[in-house]
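> Mind having a look at this structure? Questions to follow.
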Amino acid sequence: MKPASFEYHAPETAADAARLLAALGDGAKVLAGGQSLVPMLALRLAVFEHLVDIGRVSELQGIERRDDELWIGAGTTHARIEASAEVASAVPVLTRATPFIGHFQIRNRGTLGGSIAHADPAAEYPAVALALDARMHVTSSKGGRTIAARDFFDGLWTTTMEPDELLVGVSFPVWNGRSGFAVEELARRHGDFAIAGAIVGVELDDADRIRRCAIGLIGLGAKPERAEDAETAVAGREVADVEAGEVGGLAMAGLESVPADLHGSAEFRTRVGAEMVARAWTMASREARDE
Amino acid sequence: MSEVSVEVTVNGRRLRETVEPRLTLADFLRDRCRLTGTHLGCEHGVCGACTVLVNGAAVRSCLMFAVQADGAEVTTVEGISSPDDGLSTVQAAFRDCHGLQCGFCTPGFVVSVTAFLRDHPSPTDAQIREALSGTLCRCTGYQGIFRAVRQAATTGPRAERS
């Protein structure tokens, strides 16, 4: 047995899970699908006295259209999101981002909420949530609150959730207009964390002008990043006048903590990131025009 | 730390055991159930050798605690074929196509490919490569493994056991 000993708790409701988190304090950690947490425990990069397993909390699982948003329960697996017709029609970028997450065996266990709460800057769902202005619903023994994605990601593997708060679901805005989406990543092998990646959404008006644009960046900062300067620069312009390379370049401007490791320097990742944005832009804007 | 009682159905046999919560499903299968066909390579979710089916879904048994499998049905490589039934279609294809050499990674491949072909009976080459990407082999190389999956998909599953 490689992980350090811990006490195991398996609540059946979100309220019970929240009560446990409040009672157990800082020594407790939520266990969702465990596809990031269990390796960290096995390598003893993380040690907790208590694990609160939310895998048996059925109210945390589900996919539901609620007006102009798609609500996805935090405990919903990647595999279920990947296969969902509801997700494909309401938030297609989630469907396209999901196959980039690990391998199918990982996606059978990993959950949306686990990925968002883990807040890895190289992960797909945090970047999608940030780019689309998703809303995170959290609960604690003191009550619930909703956190906008822009206020949620705080740093490497850190969010603005309190230790006693539990992520229960995420609401993704549904884009109803002429829109297109694309996800592009460069990884050394399929399923590895990307060296750099980009998520692009484009919505056009009837005159082919850019009504809105969302650009999320993967693996290009200490936390999930959004290329707001590039989004602002293209807003209102005719889509045919926008060069993909220009969008890619603008998206890299102002990035301050591009990581560097043995797979690539910060300069290399920035060049790759610009190209990923450019490719995703090309595909997303083409899809929007064809709609 | 307090031990927890779990009840798991493994290859059709129901078992009740008391375990430490930190015992992974992989260690539970190997040490408690004596089903050593499930191999442990990296023990942190990278190599895929420990893949088993939990309620039909292929998962890494090293990234799951046995307590999380309470009430679940688990199928290991030992449960893919029954002793009187010989090799499954997938296993036979791996033998025919030189899809294994030392055999360490093979249980993970066989279990993963069995689940994959159940869900994708007529896969494209790209789908096969993607499905294989989650399991590492360090000696055969992947061409024989790829051919084995292609052959198993073409042969189709054997007739249901009576």
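> Testing B:Arg95 on (1) within 14 Å of chain A (Cβ to nearest Cβ); (2) outside any loop (DSSP other than H, G, I, E, B); (3) surrounded by fewer than 19 Cβ atoms within 10 Å (Cβ to Cβ), one condition comes back false. Which one is that?
(1)
> Also: Out of (1) within 14 Å of another protein chain (Cβ to nearest Cβ); (2) more than 15 Å from B:His39 (Cα to Cα); (3) in a loop (DSSP other than H, G, I, E, B); (4) hydroxyl-bearing (Ser, Thr, Tyr), the odd one out for B:Ser81 is which?
Every listed condition holds for B:Ser81 apart from (1).
> Determine which member of the set A:Ala222, A:Ala182 is outside any helix (DSSP H, G or I), surrounded by fewer than 20 Cβ atoms within 10 Å (Cβ to Cβ) and touching a strand residue (DSSP E or B) at 6+ places or on another chain (Cβ under 8 Å).
Only one candidate qualifies: A:Ala222.
> Can we say A:Ala251 is surrounded by fewer than 20 Cβ atoms within 10 Å (Cβ to Cβ) and small (Gly, Ala, Ser)?
no
> Give region B:128-146 a look and list any residue that's of a type outside the set (A, V, I, L, M, F, W, C) and more than 10 Å from chain A (Cβ to nearest Cβ), or say none.
Across region B:128-146, the qualifying residues are B:Arg138, B:Thr140, B:Gly141, B:Tyr142, B:Gln143, B:Gly144.
> Pairs under 7 Å by beta carbon, first residue farther than 26 Å from A:Ile106 by Cβ in region A:193-216, partner surrounded by 24 or more Cβ atoms within 10 Å (Cβ to Cβ) and polar (S, T, N, Q), six or more apart or different chains?
A:Val202/A:Ser285
> Of the residues that sit in region B:1-41 and are closer than 30 Å to A:Asp192 by Cα and without any contact (Cβ under 8 Å) to a residue 40 or more places away in the chain, which one is nearest to the other protein chains (Cβ to nearest Cβ)?
Once the filter is applied, the top-ranked residue is B:Asp27.
> From A:Val38, A:Val30, which residue is outside any helix (DSSP H, G or I) and at negative phi?
A:Val30
> If you go through region B:106-118 one residue at a time, do you hit one that is surrounded by 20 or more Cβ atoms within 10 Å (Cβ to Cβ), farther than 20 Å from B:Thr36 by Cβ and away from every other protein chain (no Cβ under 14 Å)?
Looking through region B:106-118, none of the residues is surrounded by 20 or more Cβ atoms within 10 Å (Cβ to Cβ), farther than 20 Å from B:Thr36 by Cβ and away from every other protein chain (no Cβ under 14 Å).
> Could you say which residue among B:Thr24, B:Thr9 is more than 21 Å from A:Leu31 (Cα to Cα), more than 12 Å from the chain's Cα centre (by Cα) and outside the structural domain of B:Arg118 (by TED's automatic domain parsing)?
B:Thr9
The values are calculated or read from the model by the stated rules, or taken from the named source; none is laboratory data. Only a predicted model underlies this, so the values are computations on that prediction, with no experimental measurement involved. With ideal geometry, Cβ positions are generated from the backbone for all residues, glycine too; neighbour counts draw on all protein chains shown.
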